[in-house]
Amino acid sequence: MITPASATWVFKMVRLVAERSDAIAPLAEVFREHGYDGASLAVIGKATGLGKGSLYHFFPGGKEEMVQAVLGEISQWFEDAVYSPLRDGSDPNASIGAMLDSTDQYFRSGRRVCLVGALAVADTRDRFAQAIRGYFAAWVDALQSALVRQGRDADRARILAEEAVLCVQGAIVLSRALDDPAVFQRAINQIRTRLVIGNGVSGNKGIVDGSS
């Protein structure tokens, strides 16, 4: 039986989860813009609209727990939008094409920092090593599985998958460094041409091996 007291408790719990969840997106942008060390509680509070007490109420582990929550959200988004379709899609060509479309949209044509990649090259890498490794390993594994379903050799598919992820990450850095989203778009188009059969791809050509 639901009593007024239990109903109030349920309402508070729902509100708590909703508020914690709502904080994830602004937290992600803060860490993208300022990095882990540069994201002060004042900056985080301004972005989320939460005071110091509320931040620690929702994230008792402080900034480390905040980043872990953001990484969990990123991981789930990529699982749903990228990894799962690559692993389970009935048409591997369509799945690879969809991966590239989703990647382009997610990184806003190279305008958006890859937080996982930024953490991977920062001093905080070891602190989040498991999540970072899992993100990139899952992407490479899922893309490899789609390439194998195209009929490619497993070893060659592995190399192509690693090169494609490398190309995406490098394109994000270069397009932001040059302030030129066209750099990222060209990289996406190049990967599409090389990996999607029917777009002029040869199964023996790599992303960065100098072939064309």
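A compact table of results
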read-out	value
Test: residue in the stretch 94-111 that is surrounded by fewer than 17 Cβ atoms within 10 Å (Cβ to Cβ) and assigned to a loop (DSSP other than H, G, I, E, B)	yes
Residue match in the stretch 39-48 (condition: among the hydrophobic types (A, V, I, L, M, F, W, C), surrounded by fewer than 19 Cβ atoms within 10 Å (Cβ to Cβ) and within 20 Å of Ser175 (Cβ to Cβ))	no
Residue within the stretch 146-163 that is within 27 Å of Leu27 (Cα to Cα) and at pLDDT 95 or above present	no
Residue ID - surrounded by the fewest Cβ atoms within 10 Å (Cβ to Cβ), chosen from residues in the stretch 79-93 that are among the small types (Gly, Ala, Ser) and over 20 Å from Arg158 (Cβ atoms)	Ser90
Members of the stretch 122-139 that are under 23 Å from Ser175 (Cα atoms) and either buried (at least 18 other Cβ atoms within 10 Å of the Cβ) or within 15 Å of the chain's Cα centre (by Cα) (or both)	Ile132, Tyr135, Phe136, Trp139
Considering residues of the stretch 149-158 that are crowded, with 17+ Cβ neighbours inside 10 Å and touching a residue at least 40 places away in the same chain (Cβ under 8 Å) only, the residue nearest to Glu79 (Cα to Cα)	Arg149
Residue count, the stretch 68-90 (criterion: assigned to a helix (DSSP H, G or I), out of contact with any Ser or Thr (no Cβ under 7 Å at 6 or more places or on another chain) and not acidic (Asp, Glu))	12
Gln76 being surrounded by 13 or more Cβ atoms within 10 Å (Cβ to Cβ) and in the same structural domain as Ser175 (by TED's automatic domain parsing)	no
Which numbered condition Ser84 misses (of (1) more than 26 Å from Thr48 (Cα to Cα); (2) over 16 Å from the mean Cα position of the chain (by Cα); (3) among the polar types (S, T, N, Q))	(2)
Residue that is nearest to Asn93 (Cα to Cα), among those in the stretch 144-193 that are of a type outside the set (Gly, Ala, Ser) and in contact with a Ser or Thr (Cβ under 8 Å, 6 or more places away or on another chain)	Ile188
Residue pairs meeting the criteria (Cβ under 8 Å; at least 6 apart or on separate chains; first in the same structural domain as Val173 (by TED's automatic domain parsing), in the stretch 97-113; second surrounded by fewer than 16 Cβ atoms within 10 Å (Cβ to Cβ) and among the hydroxyl-bearing types (Ser, Thr, Tyr))	Arg112/Tyr106
Number of the exception - Ala142 against (1) within 13 Å of the chain's Cα centre (by Cα); (2) crowded, with 16+ Cβ neighbours inside 10 Å; (3) not hydroxyl-bearing (Ser, Thr, Tyr)	(1)
Of all residues in the stretch 159-185 being under 14 Å from the mean Cα position of the chain (by Cα) and among the hydrophobic types (A, V, I, L, M, F, W, C), the one that is surrounded by the fewest Cβ atoms within 10 Å (Cβ to Cβ)	Leu166
Failed criterion for Asp123 (all others in (1) in contact (Cβ under 8 Å) with a residue 12 or more places away in the chain; (2) among the acidic types (Asp, Glu); (3) more than 23 Å from Gln76 (Cβ to Cβ); (4) in a helix (DSSP H, G or I) hold)	(4)
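The values are calculated or read from the model by the stated rules, or taken from the named source; none is laboratory data. Since the structure is predicted, the reported quantities are computational estimates derived from the model, not experimental observations. Cβ atoms come from the backbone with ideal geometry, glycine included; neighbour counts cover every protein chain shown.
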